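S.K.: My questions all concern the structure below.
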Amino acid sequence: MRTGFFWDEHCFWHGGGNYAGLLQVGGLVQPGGGLPENPETKRRLVNLMRVTGLWDHLDTRSADPVTEEDLLRIHPAHYLQAFREKSAQGGGELGLRTPFGPDGYTIATLSAGLAKAALFATLQGTHRTAYALSRPPGHHCLPDFPNGFCLLANIAIAIESAMASGLTDRVAVIDWDVHHGNGTEAIFYDRPDVLTISVHQDRNYPLDSGDFADRGSDAGEGFNLNVPLPPGTGHAGYVEAFERLVVPALHAFQPDAIIVACGFDASLVDPLSRMIAGAETFRALTDMTMEAAAALCDGRLTLVHEGGYSEVHVPFCGHQVLESLSGADTHAPDPFQQKFEGQQPSERFNRYVSTLIAEMEQTLGF
Ligand code: ZN
């Protein structure tokens, strides 16, 4: 069974805003540069897979946009209305750092549609593993407040749609984007049927969320897990956090599907983080998650693209994830491998990260 790869050129046409990096142009901020979230990271992943031939091992397809009904399970009508109106006027901005251009609303519903189609594919059994190259991303988006480049809560919309269709009643989300998955967390915070796990750089974005102490509320108490890692965490720290915290949490929860919020911004050359992950790190995380999915839910695993802002590195990280998912032997070596190995933290730093992980492990009682 081939890995499903859901993508659409139209998602690469999402744009808008007058930014220089994370700053709005004006005053002393010179125009030019654009938002870090741009199509190139994604388009170059597609191109790289075509050049290496990995593309031919995937079942590539587009998807329908999500419906109004899908959207209303997560987002209030007034937000969708405001988004639609601005989009029809040629674009604008709602929330924080979430500009969009002409057709922004349609493109965002298509991006969520790719996530929904990928999840449905694994639940309906047409594919065991699936990847959605969603753009704009979704994991920061709150029901009525888009932020951090995220305009619709892609993964949450997909989960609720699958649940409403009777395809699942128990889903685990692993968010390995380097930023906290605050939107997904907020949407499912009081729910015991969706386990949300976020492994992220401590206090990167948002600044005021992502603490380990935030474990969910009411019936959802214990069904949210934040693993904040210190800036400078490398390959060993990520693997250890997965082995000792993420994988045991999945086993304790027993999901019938796993979704990964797959950001590549823990890359050692990413401009929006301070972590030291390489393509082999993302490959290792994929391998561990596939192993857990095989043990827990017949291998049903969906990855939905989130952040990742190094135009040159993201394609290579994504390539290794898709090599792992598809089992194809078409390999693209990481051009940053030498830098990645040379920059790994000292034993002393790794012991410090290990201590933090052990403290969390002890509290969780795995
Ligand atoms: Zn991110």
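S.K.: May I ask you to verify whether G33 is of a type outside the set (S, T, Y) and open to solvent by less than 60 Å² (accessible area, probe 1.4 Å)?
M.R.: no
S.K.: When residues of segment 188-206 are filtered for being farther than 16 Å from R170 by Cβ and of a type outside the set (D, E), how many remain?
M.R.: Selection size over segment 188-206: 9.
S.K.: Being charged (D, E, K, R), under 20 Å from the mean Cα position of the chain (by Cα) and on the phi > 0 side of the Ramachandran plot is the requirement here; does R203 meet it?
M.R.: Against the criterion (charged (D, E, K, R), under 20 Å from the mean Cα position of the chain (by Cα) and on the phi > 0 side of the Ramachandran plot), R203 qualifies.
S.K.: What about A277, is it among the hydrophobic types (A, V, I, L, M, F, W, C), open to solvent by less than 30 Å² (accessible area, probe 1.4 Å), in contact with a Cys (Cβ under 9 Å, 6 or more places away or on another chain) and more than 20 Å from L356 (Cβ to Cβ)?
M.R.: In short, no.
S.K.: Which residues, taken from segment 130-167, are within 16 Å of the ligand (Cβ to nearest atom) and part of a helix (DSSP H, G or I)?
M.R.: Of everything in segment 130-167, those that are within 16 Å of the ligand (Cβ to nearest atom) and part of a helix (DSSP H, G or I) turn out to be N154, I155.
S.K.: Are there any pairs, at least 6 apart or on different chains, whose C-beta atoms fall under 6 Å, with the first in segment 1-28 and closer than 27 Å to Q124 by Cβ and the second among the acidic types (D, E) and surrounded by fewer than 17 Cβ atoms within 10 Å (Cβ to Cβ), and if so, which?
M.R.: Here the result reads R2/D59; G4/D59, each pair linking segment 1-28 to a residue that is among the acidic types (D, E) and surrounded by fewer than 17 Cβ atoms within 10 Å (Cβ to Cβ).
S.K.: Pick from segment 313-344 the residues that are under 24 Å from the mean Cα position of the chain (by Cα) and open to solvent by 70 Å² or more (accessible area, probe 1.4 Å): which of them is nearest to the ligand (Cβ to nearest atom)?
M.R.: P335
S.K.: If you don't mind, there's one more thing I want to ask. Look through segment 206-224, keep the residues that are more than 19 Å from the chain's Cα centre (by Cα) and at positive phi, and return whichever of them is least open to solvent (accessible area, probe 1.4 Å).
M.R.: Residue satisfying both the conditions and the ranking: G216.
S.K.: Which of the residues belonging to segment 225-239 are closer than 25 Å to D208 by Cα and either away from the ligand (no atom under 16 Å from the Cβ) or open to solvent by 10 Å² or more (accessible area, probe 1.4 Å) (or both)?
M.R.: Scanning segment 225-239 gives L225, P228, P230, P231, G232, G234, G237.
S.K.: In addition: Give the residues of segment 345-366 that are of a type in the set (S, T, N, Q) and open to solvent by less than 50 Å² (accessible area, probe 1.4 Å), sorted by residue number.
M.R.: N350, S354
S.K.: Ok, one more. Limited to segment 59-79, what total is found for residues that are open to solvent by less than 80 Å² (accessible area, probe 1.4 Å) and touching a residue at least 24 places away in the same chain (Cβ under 8 Å)?
M.R.: Count: 12.
S.K.: When you check T355 against the structure, is it more than 21 Å from I174 (Cα to Cα) and in contact with a helix residue (DSSP H, G or I) (Cβ under 6 Å, 6 or more places away or on another chain), yes or no?
M.R.: No, not satisfied.
S.K.: Follow-up question, since we're still on this one. Which of the residues spanning segment 257-269 are open to solvent by less than 10 Å² (accessible area, probe 1.4 Å) and either of a type outside the set (V, I, T) or within 11 Å of the ligand (Cβ to nearest atom) (or both)?
M.R.: Scanning segment 257-269 gives A257, A261, C262, G263, F264, D265, A266, S267.
S.K.: Give just the number: which of (1) assigned to a loop (DSSP other than H, G, I, E, B); (2) surrounded by 21 or more Cβ atoms within 10 Å (Cβ to Cβ); (3) away from the ligand (no atom under 16 Å from the Cβ) does G308 not satisfy?
M.R.: (3)
S.K.: Kindly establish whether T98 is in contact with a Pro (Cβ under 6 Å, 6 or more places away or on another chain) and β-branched (V, I, T). Explain how you work it out, then say what you get.
M.R.: Values: in contact with a Pro (Cβ under 6 Å, 6 or more places away or on another chain): yes; β-branched (V, I, T): yes.
Yes.
The values are calculated or read from the model by the stated rules, or taken from the named source; none is laboratory data. Model, not experiment: these values are computed from the prediction. So basically every Cβ, Gly included, is an ideal-geometry build from the backbone, and we count neighbours across all protein chains shown. Side chains included, ligands, DNA and RNA excluded: accessible areas come from the protein's heavy atoms. Shrake-Rupley method; radii C 1.70, N 1.55, O 1.52, S 1.80 Å.
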